[in-house]
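A quick write-up on the structure given underneath.
The values are calculated or read from the model by the stated rules, or taken from the named source; none is laboratory data. Just so it is clear, the structure is predicted and the values come from calculations on it, not from any experiment. When we count neighbours, we look across all protein chains shown, and the Cβ atoms used for this are built from the backbone with ideal geometry, even at glycine. With ligands, DNA and RNA removed, areas are computed over all heavy atoms of the protein, side chains included. Shrake-Rupley method; radii C 1.70, N 1.55, O 1.52, S 1.80 Å.
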Amino acid sequence: MTAREKTACSDKDLLRQIAAGDERSLGELYDRHAAILLGLVLRILRSRSEAEDVLQETFLQIWRRAADFDEHRGQPFSWMALLARSRALDRVRALEVRERVALEARREPTEAAVDLVDHAAAGETGRIVRQALQRIPDSQREVLLLAYFDGLTQSEIAARLARPLGTVKTQARAGLAKLRELLQR
């Protein structure tokens, strides 16, 4: 097929040729519709990198499922737009789930630590822990209190105390070791 014949092909013809394994027809279809499909997906995702990924997945799906296109049920562009939209909405849902899981993962250790500390503080154990905390160096105690009572990460503690992250990690490790030693006595 000549270049002139290729540009004269309809989208339906291109899809038939793609279904037969013609990679050049996929390239032609991509050149014709990628920009508008990217705009559609970008409106849904609001992230260019995510939209570009979804566009690539859409054309991969077109390559794999070109034979599924039924010209009696609609136009090729409508079919491709539906594929792109569906993939974009799937990506939105996946990103929301990923964000929710990450948020819960950040929250869970803090809540567990607060529950344990609250429970320990209620009784004799709480008194013993408070006494032991008073016997460790101030810098270590400050890091442990921010981690376990305020639920801050070591990076957040470093930023709040204006200390290097390595120093905060060392102080947390040393403070926990000292606290463990004091509590085992």
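Matching residues to (1) under 18 Å from TRP79 (Cβ atoms); (2) at pLDDT below 95:
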residue: ALA3; (1), (2): no, yes
residue: CYS9; (1), (2): yes, yes
residue: LEU14; (1), (2): yes, no
residue: SER25; (1), (2): yes, no
residue: ASP31; (1), (2): yes, no
residue: LEU37; (1), (2): yes, no
residue: LEU42; (1), (2): no, yes
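Consider segment 62-97 and keep the residues that are farther than 15 Å from ALA19 by Cβ and outside any helix (DSSP H, G or I). The one that is least open to solvent (accessible area, probe 1.4 Å) is GLY74.
Let me confirm something: among LEU42, LEU29, which residue is in a helix (DSSP H, G or I) and either farther than 25 Å from ARG93 by Cβ or of a type in the set (Phe, Trp, Tyr) (or both)?
Only one candidate qualifies: LEU29.
Please go through segment 161-185 and pick out each residue that is among the β-branched types (Val, Ile, Thr) and either in contact with a strand residue (DSSP E or B) (Cβ under 9 Å, 6 or more places away or on another chain) or open to solvent by less than 50 Å² (accessible area, probe 1.4 Å) (or both). Passing the criteria: only VAL168.
For segment 11-25, the set of residues classified as out of contact with any Pro (no Cβ under 7 Å at 6 or more places or on another chain) and within 14 Å of PHE69 (Cα to Cα) consists of ASP13, LEU14, ARG16, GLN17, ILE18, ALA19, ALA20, listed by residue number.
Identify the residue in segment 131-160 that is more than 23 Å from LEU103 (Cα to Cα) and part of a loop (DSSP other than H, G, I, E, B) and, among all such residues, is least open to solvent (accessible area, probe 1.4 Å). Across segment 131-160, the extreme among qualifying residues is ILE136. Taking the criterion of being open to solvent by less than 30 Å² (accessible area, probe 1.4 Å) and among the aliphatic types (A, V, I, L, M), the residues of segment 49-61 that qualify are ALA51, VAL54, LEU55.
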